[in-house]
Amino acid sequence: MNENSSVIVSLCSHLCADTCKPFTPHEWTIFAKRLLDNNLQPKDIVNFSAEDFKQKLLYTNDEVERILSLFDRSGSLTFELEKYASMGIKVVTRADVEYPRVLKTKLKENSPPLFYYAGNLNLCNREYVGFVGSRTIDDDDTDFTKATVSKIAQKGYGVVSGGAKGVDSTAAASVLANGNVCIEYLSDSLARKIKKRDVVSQVQKGNLLLISIAKPDAGFNAGFAMQRNKFIYAQSKGTVVVKSDYDKGGTWSGATEALRNKLCPVFCRNNQKSLGNKKLIELGAISIEENWDGNLEYQVVEKSCVKEEQLSLFG
């Protein structure tokens with residue numbers, strides 16, 4: 001971990017944060033912009049005094065006290081990070097070149113300051129199709145997911161999903177069975193998932209990357225589950241909605257956010273039995289049938305220009 005990354009972890013990690021509140025992505029972005037305004041890098045503030053934070057970065061007394069408290073846990077943080085590293089779980093931050101570049105490009109300042117991950121981060125440089133949908137699916141939904149994954153795998157795409165039961169896990173298992181690669185943006189329980197034998201095997205083969213903003217031993221958190229939706233859409237060349245409730249749930253909120261922010265083309269199964277699917281198509285999702293050939297090329301995603309210095313610090 002480089003010195004800039006170490007500072008980001010100290011200020012933003014939820015590990016060992018029982019008595020102090022870590023920076024949110026928005027707070028880190030403000031902090032990073034103030035550093036840039038002063039021609040500073042994160043590593044330059046390691047030896048800052050309280051007065052330095054107040055005079056150079058314009059923080060109040062209470063804010064400085066919080067920052068210093070976050071730095072005071074560095075010893076405990078090191079111990080926790082070493083514990084997770086022994087399990088194969090590492091940390092990547094916005095200051096690392098390995099950080100998923102596509103997230104920085106699409107999400108900009110909303111890209112998280114750090115991720116915990118297990119696997120090969122170079123997988124993020126491949127092209128993916130996202131698969132999202134309900135945790136509760138029937139045989140018809142399962143068959144559609146498997147058939148569609150097979151089509152996109154034949155075109156060389158991997159699958160990016162959220163690692164949940166239902167559509168997510170079906171898509172992931174199918175693409176790995178097809179010999180292609182998979183990224184799972186998890187909302188919880190990375191430490192528990194990495195203990196599963198089949199997961200460990202795929203990670204070791206370099207076919208599977210598990211990545212999460214939640215600390216590795218965290219349980220389910222609805223907020224994290226909602227946040228990870230945007231990572232799936234941002235990572236993908238196009239995302240397939242297999243089954244969605246109407247106006248509720250993570251699949252609906254993730255798809256409508258992606259449509260609103262044009263994170264990627266949103267493809268939705270034309271399933272007349274699903275009101276959510278029908279409404280998403282009315283909102284602009286691209287309708288696909290069972291005979292869809294997996295073509296993503298006719299919809300072009302706008303590209304954003306972001307300065308390299310911003311990419312390295314806060315995206």
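The values are calculated or read from the model by the stated rules, or taken from the named source; none is laboratory data. The structure displayed is predicted, hence computed values, not measured ones. Note: ideal-geometry Cβ built from the backbone for every residue, glycine included; neighbour counts use all protein chains shown. Each accessible area value is taken on the protein alone, full model and side chains, heavy atoms only, with ligands, DNA and RNA left out. Shrake-Rupley method; radii C 1.70, N 1.55, O 1.52, S 1.80 Å.
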Hey, can you grab everything whose amide H is under 5 Å from the amide H of PHE23? Only 5+ residues off in sequence or another chain; H modelled, so Pro and N-termini drop out.
CYS12
Return an integer: the convex hull volume of the alpha-carbon atoms of the chain, in Å³ per residue.
129 Å³
Between rounded, prolate and oblate, where does the stretch 66-158 land on the alpha carbon gyration tensor, with a ≥ b ≥ c its root eigenvalues, rounded for a/c under 1.5, else prolate if a/b exceeds b/c?
prolate
Could you run the Karplus curve 6.51 cos²θ - 1.76 cosθ + 1.60 with θ = phi - 60° over the stretch 258-271 and give me ³J(HN,Hα) per residue in whole Hz, x for Gly and Pro?
5, 5, 5, 9, 6, 5, 5, x, 10, 9, 10, 4, 7, 10
Using Cα springs under 10 Å in a Gaussian network model of the chain, which residue among CYS264, CYS16, CYS124 shows the largest mean-square fluctuation?
CYS16
Taking θ = phi - 60°, what integer Hz values does the Karplus form 6.51 cos²θ - 1.76 cosθ + 1.60 yield along the stretch 198-204, in sequence order, with x for Gly and Pro?
5, 5, 4, 4, 5, 5, 5
In terms of solvent-accessible area of protein heavy atoms at a 1.4 angstrom probe, what is the ranking of MET1, MET87, highest value first?
MET1, MET87
In degrees rounded to 10, the 0-90 angle between helix 167-177 Cα long axis and the longest Cα principal axis of the chain is 80 degrees
The chain: longest stretch without exposed chymotrypsin sites (Phe, Trp or Tyr not before Pro) (DSSP loop, at most 11 other Cβ within 10 Å), sites themselves excluded?
1-219
Which aspartates and glutamates does LYS104 reach when only Cα atoms under 19 Å apart count, and residues fewer than 8 places away in its own chain are ignored?
GLU27, ASP96, GLU127, GLU184, GLU257, GLU302, GLU308, GLU309
For the Cα atoms of the chain, what angle does the longest principal axis make with the long axis of helix 139-154, in degrees from 0 to 90, nearest 10?
70 degrees
Cut-off under 5 Å, modelled amide H: who pairs with ILE286 long-range:
VAL266, PHE267, CYS268
Among the listed pairs LYS21/LYS43; LYS43/LYS205; LYS43/LYS108, which are separated by more than 32 Å between their Cα atoms?
LYS43/LYS205
Pop out the ³J(HN,Hα) list for the stretch 130-135 in order, Karplus 6.51 cos²θ - 1.76 cosθ + 1.60 with θ = phi - 60°, rounded to Hz; leave Gly and Pro as x.
x, 10, 9, x, 5, 6
